[in-house]
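J.: I'd like to ask you about the structure that follows.
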Amino acid sequence: MKQIVRLAVSAFALSATLSACQDKAGGESAGRDQIRAVGSSTVYPFATAVAEQFVNANPGMKSPIIESTGTGGGMKLFCAGVGSQFPDIENASRRMKKSEFEMCEKNGVKEIVEIQIGVDGLAFAESKKGPGLKLTPETVYKALAANPFGKGPNTAQTWKDVDPALPAIAISVFGPPSTSGTRDSLAELILEKGCQSDPAMKALKDSNEDQYKAACTKVREDGKYVDSGENDNLIVQKLGANPNAVGVFGYSFLEENLNSLNDIPLNGVDATYDNVASGKYPGARPLYIYVKKAHIQAIPGLKAYLDTFAASWNPGGLLAKRGMVAATDAVRSAAAETVKSLPVLNGADLK
Amino acid sequence: MNAPSTTLASPTRNPTDWKGAAMQKRIAARYAAERRFRLLGMGAVLLSAGFLAFLLFTMIGNGARGFTRTEIALQIDFQTAPILIDPATVNAQSLAGANLQAITAQAADKALGAGGDALISPNAWLTVRDAILDNPKVLSQKITLSLPASTGIDLAAKGDASETDEAAYARLQQSGVVSTGFNSAFLSASDATDPTQVGIWGAFKGSLLTMLVTLLLSFPIGVATALYLEEYAPKAWWTDIIEVSINNLAAVPSIIFGLLGLAIFLNLLDFPRSAALVGGMTLALMTMPVIVIAGRNAIKAVPPSIRDAALGVGASPVQVVFHHVLPLALPGILTGTIIGMARALGETAPLLMIGMRAFIATPPGGITDPATVLPVQIFLWSDEVSKGFIEKTSAAIIVLLAFLLAMNGLAIYLRNKFEKRW
């Protein structure tokens, strides 16, 4: 019995200490000694790689906390206010929207610095001996969707079935498995764009997100689309042996195999480095980070973290090794200048 | 007595003919039903044991490899290396600028042939740095260090890699510099971006702190609630409402508690995001109803004669509760607590809402530091593209299962210790 009383007393004592800790936590949050970033899961692997590099180069600094919340969810957290309880950096796989900028302004986040860190690129390619296909997001969607426009299973057998202008070659696409980030890019950049050529699908997105996702991003499983596993070398071999097949992979991989592969233009745009890096190629999208200028002084190491980013985004650098496409020289030097002088983003430039 | 009577008006009743065909058939049917039920029950047990065995075998099969690491012995000659640091002034800061990455890469190229740099982990230079910090004198010597191999070589050593990696591994084996051994770093390091560098300690400590907060909040409150409702509360409409609410709370999906934690602890009270404190408080909300329900049942099961006897010898109601009812009910309460805590330990969904799905490379120092927990770490790793993370995910699951087993073992020990028979 005494045991129990002692147990109860110590439990209450501990809870009292705990509440004391809570008070302390409230006080502590006035100053934070580590960087906090939120946002896109596409940028997450790059941001964590830079975070690791930052800690290695600056021993004694606490490791930055990178949360993967998705770009939209991250924007809400980022724009909630200025102060140590709000994140310093937003990782974004698209540009900030005007509405998000206004939300930021309303909550006192007035000075935002926008830095483009690179490009997320996806390339379509075929063997040098291939038929020279010319595709658009719409034809790709019609050829690969499990359930095109939600109108029942896909029956297309040849490229001619989806677009009369294309040759009557059997559809055969080698691409990333569903666990891969490249597959997400395929869904977001190509399939959804092709899907949205039907206004009914656009309307469906607002009314029923789940149905929209199922109709627009689900890939057929009847052997026309083949998961290549994580081994991109295998796709090159398969394309060599199979000149009529199409391969889908990260752009950096096409670049390394240009001696055996031809890129397939999308919307008439070739998958060249310039077109991917500048975002003209439909399979490419720029990646950004947004930083609160007001935090640069307050959070120790934030400036050094940005410098580490700038040192990592060159071609062949740390981020390129992780699969990011380096931006063009002009974009990179502009971004490096941004890191140096930290100009504030003008809301009028956003859409 | 059994003779048929023709004189009575009531309907006649023949004696049961146990040997008759109809009765024999009925008896056989009853026995068959009995056997069927027993077999069905046994089948259910076998099926669940089979699932458990399958889970354990695949986990241990995949995960055991996650506890090992391949290392390459590499000779580094600091005398000729382009490094200029006075051994007297060596510290982490000065070594960060000493270009150790390039020195390690050069040494690898020299020792393992061209492209040797790609055979060791990109973060292998950290091992070199630690060796220098340990003993600055090596800066004027030629030393041999065991550096972690790259993910490809590591997988090749475990027999599951591409041909080029297999070939490279075979070459390394011939020169006898490669060895695979227990990866102690997996138990002492935290999250990283390279599968050869990751560890579980950060998440483990996060889970420990979170569970501590959960236990300290939910156990006293849950037991006090159960005691009050069972021993003191009048039977009235409002106690009925409380009872229904608590039963309801126990069945609410956990994500709802996450949203509640986000709205109240983070947005309203401004507690630190991603902290074990907030995670523990959120999970305490989820665990408390389970403890209350189990506690009430345990208290109800204490025989009234014990209360009456205690009151009879002059104990006050508080003495009755604390000297007799609570000690006798404690085993049952502890069982409920185990179930609640085990559920909380495996919970991911509510913790995603309060920011624990994050890359946290420093283990938390206290309950207000950013932390992640084991199930969330497993979730994060299972999402990684690199192949080396597959076995690390399984290894992390093994650690989680071991943690769960230890917790349950402790609870069963406590339960047996307090158990009293009457």
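J.: List the lysines whose Cα sits under 27 Å from the Cα of residue B:392, skipping any in the same chain fewer than 8 residues away.
T.: A:62, A:321, B:158, B:205
J.: Using only protein heavy atoms and a 1.4 Å probe, how much accessible area in total is buried between B and A, to the nearest 100 Å²?
T.: In total, this chain pair buries about 3500 Å².
J.: Rounded to the nearest percent, how much of the accessible area of the stretch B:101-149 (1.4 Å probe, protein heavy atoms only) is carbon and sulfur?
T.: After summing per-atom areas, the C and S share lands at 50 percent.
J.: Starting from the Cα coordinates of the stretch A:141-188, work out the convex hull volume and express it per residue in Å³.
T.: 91
J.: Shifting gears a bit: Quick check: at a probe of 1.4 Å, how many percent of the accessible area of the stretch A:240-290 sits on carbon and sulfur atoms? Before the final figure, lay out each step's value.
T.: On the way: 860 of 1900 Å².
With neighbouring chains kept in place, the figure for the stretch A:240-290 is 45 percent.
J.: In percent, what relative contact order does chain B have, based on Cα pairs under 8 Å that are 6 or more apart in sequence?
T.: It comes to 19 percent, rounded to a whole number.
J.: For the stretch A:186-333, with only Lys/Arg (+1) and Asp/Glu (-1) charged at the beta-carbon, what is the dipole magnitude about the Cα centre, in debye rounded to 20? Present the calculation step by step, with values, prior to reporting the outcome.
T.: Numbers: 16 positive and 18 negative charges, 106 e Å.
Once rounded to the nearest 20, the dipole reads 500 debye.
J.: Here's another thing I want to ask about it. Regarding the stretch B:344-403, what is the average projected area of its C-alpha convex hull, in nm²?
T.: Its average projected convex-hull area is 4.5 nm².
J.: Extent of chain A along each principal axis, from alpha carbon coordinates, in Å, largest to smallest?
T.: For chain A, the Cα extents along the three principal axes come out at 81, 58, 39 Å.
J.: Oh, and also: What are the extents of the Cα atoms of the stretch A:78-205 along their three principal axes, in Å, largest first?
T.: Principal-axis extents of the Cα atoms in the stretch A:78-205, largest first: 60, 35, 26 Å.
J.: Please list log₁₀ I(q)/I(0) at q = 0.08, 0.09, 0.10 Å⁻¹ for chain B, using the Debye equation with identical point scatterers on the alpha-carbon positions.
T.: -0.68, -0.79, -0.88
J.: Considering only B:93, B:180, B:107, whose Cα is most displaced toward the positive end of the charge dipole of the stretch B:65-183, charges sitting on Cβ of Lys, Arg (+1) and Asp, Glu (-1)?
T.: B:93
J.: Oh, and also: Could you give the DSSP H helices of chain B that reach 30 angstrom or more along their long axis (alpha carbon positions) and whose average Kyte-Doolittle hydropathy is no lower than -0.5?
T.: TM-like helix candidates: B:21-63, B:201-227, B:276-300, B:389-418.
J.: Going through the stretch A:241-345, which trypsin sites (Lys or Arg not before Pro) have at most 16 other Cβ atoms within 10 Å and a DSSP loop state?
T.: Values: sites: A:280, A:292, A:293, A:303, A:321, A:322, A:332, A:340; in loops: A:280, A:322.
Hits after loop and neighbour filter: A:280.
J.: What's log10 of I(q)/I(0) for the stretch A:27-149 at q = 0.22 Å⁻¹, Debye sum over Cα points only, no solvent?
T.: -1.28
J.: Something else about it: Can you give the helix-only mean residue ellipticity at 222 nm for chain B, where every DSSP H stretch with n ≥ 4 adds -39500 (n - 2.57) and the sum goes over all residues, rounded to the nearest 500 deg cm²/dmol?
T.: The per-residue figure over chain B is -19000 deg cm²/dmol.
J.: Another question, if that's okay. Normalized C-alpha radius of gyration of the stretch B:65-183, against 2.2 N^0.38 Å?
T.: 1.09
J.: While we're looking at this one, here's another question. In a solvent-free Debye calculation with one equal scatterer on each Cα, what is log10 I(q)/I(0) for the stretch B:38-112 at q = 0.14, 0.22 Å⁻¹, listed in the order of the q values?
T.: -0.68, -0.99
J.: Let me ask something else. Compute the accessible area per residue over the protein assembly as shown, keeping the other protein chains in place, probe 1.4 Å, unit Å².
T.: On a per-residue basis, 48 Å².
J.: Return the Rg/Rh ratio of the stretch A:218-351 with Cα-based radii and a Kirkwood Rh.
T.: Radius of gyration over Kirkwood radius for the stretch A:218-351 works out to 1.07.
J.: Equivalent ellipsoid semi-axes for the stretch A:129-259, as square roots of 5 times the alpha carbon gyration tensor eigenvalues: give them largest first, rounded to whole Å.
T.: Three semi-axes, in Å: 25, 17, 12.
J.: So how compact is the stretch B:303-392: Cα radius of gyration and Dmax in angstrom?
T.: 22.9, 71
J.: Something else now. Name the residues of the stretch A:62-80, by number, that are at least 20 Å² less accessible with every protein chain in place than in the isolated chain; the surface is that of heavy atoms, probe 1.4 Å, without ligands or nucleic acids.
T.: A:62, A:63, A:65, A:66, A:67, A:68, A:77
J.: Could you state the number of Å between the C-alpha centres of the stretch A:291-325 and the stretch A:58-124?
T.: 13
J.: Another question, if that's okay. Would you kindly calculate the translational diffusion coefficient of the stretch B:201-418, applying Stokes-Einstein with the Kirkwood radius from alpha carbon pairs, for 37 °C and a viscosity of 0.692 mPa s, and quote it in µm² s⁻¹ without decimals? Walk me through the intermediate numbers first.
T.: On the way: Rh = 18.7 Å.
It diffuses with D of about 175 µm²/s by this estimate.
J.: Hey, another quick one. Cα atoms only, the protein assembly as shown: Rg and Dmax in Å?
T.: 32.7, 126
J.: In addition: Tell me which chymotrypsin sites (Phe, Trp or Tyr not before Pro) from the stretch B:231-318 have a DSSP coil assignment and no more than 11 other beta carbons within 10 Å of their own.
T.: Details: sites: B:232, B:237, B:238, B:257, B:265; in loops: none.
Loop-located and lightly packed - none at all.
The values are calculated or read from the model by the stated rules, or taken from the named source; none is laboratory data. Computed from a predicted model, the values in this text were never measured in an experiment. Cβ atoms come from the backbone with ideal geometry, glycine included; neighbour counts cover every protein chain shown. Note: accessible area is taken over every heavy atom of the protein model, side chains too, but ligands, DNA and RNA are not part of it. Shrake-Rupley method; radii C 1.70, N 1.55, O 1.52, S 1.80 Å.
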